[in-house]
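Quick one: structure below, then a few questions.
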Amino acid sequence: MYSLVVNGKTETCETNKKLMDFLREDLGLTGTKDGCNQGSCGACSVLINGRVSKACLFFLEKLEGKEVVTVEGLSQHQKDVYAYAFAQTGAVQCGYCIPGIVISAQGLINKKPDPSEEDARKAIRGNICRCTGYAKIVEAILLAAKIFREELSIPEEESTGKLGVDFKRVDAVEKTLGTGIYVDDVTVEGMLHASALRTEYPRAKVLSIDVSEALKHPDCEAVLTADDVPGNNKIGHLEFISDWDVMIRVGDITRYVGDSVALVVSKNKESLNEIKELVKVEYEELTPLTTIEEALAEGAPLIHEKGNILSHEHLVRGNADEKLAASKYVVTQHYSVPINEHAFMEPECAIAMPEGEDGILLYSAGQSIYDEQREVARMLGVEKDQIHVQSKLVGGGFGGKEDMSVQHHASLAAWCLKKPVKVLLTRQESLMVHPKRHGMEMDFTTGCDEEGNLTAMKAVIYSDTGAYASLGGPVLQRACTHAAGPYKYQDIDVEGFAVYTNNPPAGAFRGFGVCQTAFAIESNINMLAKKVGITPWEIRYKNAVEHGDSLPNGQLVSKNAALKETLLAVKDAYDHAEVAGISCFFKNSGIGVGLPDVGRCIVSVENGKIHVRTSAACIGQGMATVAIQVACETLNLPPEMIIAEAPDTRRTPNSGTTTASRQSLFTGEAIRRAAVQLRYELDMGRALNDLEGQEFYGEYSAVTDPLINDKTNPVSHAGYGYAAEVAILDEKGKVEKFVAAYDMGQVVNPKSAEGQIEGGIVMGMGYALTEKFAMDQSYVKAKYATLGLLNATQVPPIETILVQAKEIHDGLAYGIKGVGELATIPTAPALAGAYYALDGKLRPTLPMEDTFYQKKKK
């Protein structure tokens, strides 16, 4: 028997388990989050005898008689202060890390009631946040300390909730205090636990699967294989490319280390690994294709029947060869960028259970409940409306939760056993399984005239799309459409190939292929500026598009574009820095390129309140808050009157995936259209009571042109956001500061916008300088602790400037444009430019070598 004091109450346990598991599973204190179970992320931070500690590192035998305080154990006054401070400063995004950070803050304030900014950063250096960039978290800690120290009363909060004003996130309090519900926080009576047995080899033929010994284990409920899948054993985020196996059949060949060969279901989570070890699988090991070159080699084995090229794009406008031949200056360079990990804070988790006579209720944390519904229904061979999907809070996504990871396995087990089943990935499984940012090999040639006017560019891009399609095709398209940059020249030749390998699949990741090609084109432009004898700022300003110009893809630039304004906003910082690099870039809003792209919303009046119902997933960006602010703007009603519902296939219409920086624009416009109808009724003199039970439907569908078309000025995307960033280095080559100017059209919520930008810049800084996803012969060797994620002490000051064109309203969603993806794109190019300015050496690979952060390989 083990005894300890938790939140002032003596608690006992007969099993020597981890403190984190005891808190979460035995005591129901789910504010302590399981982010990595490796002591690396800090999401499980608690106070042990007043000292900040990670609950996943301590077994109960080490805690006999000790006092443990979780976020739930803080006093009511402490909770009120932290809830106010973190909401007021905009410190909360996905929220998964925040309760652990609050505990670290309390540990600091207990010792130092008047902490400095440096103190606050040091206090949370053991807490990883992947969303915010830490700046607003530090601000929140210092504000909380001030309220405690000076015994200030918590101010009353008032806001109109309209566009352009600071309005606290509607989920900020529950996320700060750990009361918000993520999927792994849910327990269902009679719930079983399931886990996939992964292949031992990235490429091997499965000769046999013997489950007989596993079935004898007293905890084993079932071991499912591909033979138990009642519908289609292939899933895939894109309906027209379903090439990802639910489980690998006997006689088939595995394609990467995340492939499942069996699904073990147990009465107890603790015995899952024991049961998996009893499943005997016989393999014929085969040599994996670990690189693009190997996959394209003559005679290479086929990873998929149709071949090892997933997709091929060739975007041609004008005559690039002719223009390059006539150019005064031309640069050609090869660039290589690696596979990159999302490292969202919440590992993937889903719970499925029977609903009604022939249905499934699925609790999920993905980026589109309707995509999950479609894929699960197809796998089970049932109608879509038999699959009821509800989203809980999502602890970060960045694109990494667009594909199925656990939802299909939980649903399959629940369907077969007619019992509730939870599937939770360990952090190591998450690193193995979900799609990554594409590694790319790129050859770029860019020309200009003697004055620095860009003339033409050619690029050949090879993208490692890994074992399955995921979103490799659209990512390649976006890499190609943005490869020339936001500049006014028309002669381009961009050819791209997405190639299957036996590496983990690559799919959506913040920037969606543009981070890679932006790094290449912007570096080429820096070299051209040097040849011409002008500054990197000057060559960009000279060539930057403005209203009426054509982008290199032919699309006319709209009147709400403010790229030149962003460059002017950062000019002073660039001019006065000793060593600085600059980048400006753009990113589409919406899927575009002729594909269906629809936002939908129902606004209903229920019990005297206005419900905004949309399936648009919040993965940290604050979609529910956006929904309320758009509704407030349209209806001219206070936010207290409006409820934004969580995504639910029975209640909320299909608003598409949270991807492509599309939801604020597409669903925002759908909300506006629905709310306008209600506003009309109210303006006609009808009271809300008169409208009780009525629903108003809004929909917005963008009309765009296919990537390859004959139009002079095609519409590739519904809109674009623009940005310019300056990265400033000190004399040691350490990043001293970022100055970033962003054109995101109508700003919905200034603090949230700044937080998105800060978080995006820090993610881009990691991509450029520190992050590595270690693999060896297609085996994942990466661990959360060794990914190179930046902590709060490593992040420099970030100055954010929000700019707008003179006319921002183009009739859609009040002129709102997305910023989530754009915020990560210019950072690596700006840093590359800074190091090029420092010593004149081009660094064509990421993470960049021979910097303060990565020493050059010998």
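Which order do the peptides 392-399, 139-146 come out in when sorted by mean C-beta neighbours inside 10 angstrom, highest first? Write out the running numbers ahead of the final one.
Numbers: 392-399: 25.8, 139-146: 22.5.
Highest mean packing first, the order is 392-399, 139-146.
Could you compute the net charge surrounding residue 203? Neighbours are other residues with a C-beta less than 13 Å from the C-beta of residue 203; K and R count +1, D and E count -1.
Details: positive: 205, 255; negative: 200, 252, 259, 284, 285, 294.
Overall, the nearby charge balance is -4.
Taking the Cα centre of the range 1-180 as origin, sum charge times position over the Cβ atoms of Lys and Arg (+1) and Asp and Glu (-1), and report the length of that vector in debye to the nearest 20. Display every interim value, and only then the final one.
Numbers: 23 positive and 24 negative charges, 113 e Å.
In debye, rounded to 20, the range 1-180 gives about 540.
Trypsin sites (Lys or Arg not before Pro), restricted to the range 397-492: which are DSSP loop and have at most 16 other Cβ atoms within 10 Å? Kindly include the intermediate steps, with their values, before the conclusion.
On the way: sites: 401, 418, 422, 427, 436, 437, 458, 478, 488; in loops: 401, 418, 488.
Passing sites in the range 397-492 are 418.
Report the charge-dipole magnitude of the range 115-160 in Debye, nearest 20, computed about the Cα centre from +1 at each Lys and Arg Cβ and -1 at each Asp and Glu Cβ. If you can, show how the numbers build up before the last one.
Details: 7 positive and 9 negative charges, 93 e Å.
In debye, rounded to 20, the range 115-160 gives about 440.
Work through the residues other than residue 50 whose Cβ is under 14 Å from its Cβ and net out their charges, Lys, Arg +1 and Asp, Glu -1.
Working: positive: 51, 66, 111, 112; negative: 67.
Local charge sum for residue 50: +3.
Calculated from the structure, Rg and Dmax of the Cα atoms in Å equals which of (i) 30.7, 99; (ii) 26.5, 83; (iii) 44.5, 146?
Given (i) 30.7, 99; (ii) 26.5, 83; (iii) 44.5, 146, the structure-derived one carries the label (ii).
While we're on this one: Per the Debye formula with a single identical scatterer at each Cα and no solvent contribution, what log10 I(q)/I(0) holds for the range 1-180 at q = 0.10, 0.17, 0.18 Å⁻¹?
Values returned for q = 0.10, 0.17, 0.18 Å⁻¹ are -0.38, -1.02, -1.12.
Counting other Cβ atoms within 10 Å, keep those with at most 10, restrict to DSSP loop, and tell me which chymotrypsin sites (Phe, Trp or Tyr not before Pro) in the range 291-347 are left. Each step should come with its number before you reach the end.
Details: sites: 329, 335, 344; in loops: 344.
Sites meeting the loop and neighbour criteria: none at all.
Can you compute the equivalent ellipsoid semi-axes for the range 598-701, i.e. the square root of 5 times each eigenvalue of the Cα gyration tensor, sorted largest first and rounded to whole Å?
Details: eigenvalues 97, 31, 30 Å².
Each semi-axis is √(5λ); the values are 22, 13, 12 Å.
Quote to one decimal, in nm, the extra length available between residue 697 and residue 326 on full extension: 0.36 nm per residue of separation minus the C-alpha distance between them. Each step should come with its number before you reach the end.
Working: separation 371, 0.36 × 371 = 133.56 nm, distance 5.58 nm.
In short, 128.0 nm is gained.
Still on this structure, I have one more. So, by mean Cβ neighbours within 10 angstrom, what's the order for 694-705, 599-610, 617-628 with the highest one leading?
Details: 694-705: 17.9, 599-610: 20.4, 617-628: 26.8.
The peptides rank, most packed first, as 617-628, 599-610, 694-705.
Give me the dipole magnitude in Debye, nearest 20, for the chain about the Cα centre, with unit charges on the beta carbon: positive for Lys and Arg, negative for Asp and Glu.
Details: 87 positive and 114 negative charges, 286 e Å.
That gives the chain a dipole magnitude of about 1380 debye.
Which peptide among 663-675, 576-588 comes first, and what is the full order, when sorted by highest mean count of other Cβ atoms within 10 Å?
Values: 663-675: 28.2, 576-588: 24.4.
Highest-to-lowest ranking by the protection proxy: 663-675, 576-588.
Read-outs: derived from the displayed coordinates by stated rules, not from any lab. Predicted model, so just to flag it, every value in this text is computed and none were measured. Note that we place each Cβ from the backbone using ideal geometry, even for glycine, and neighbour counts take in every protein chain shown.
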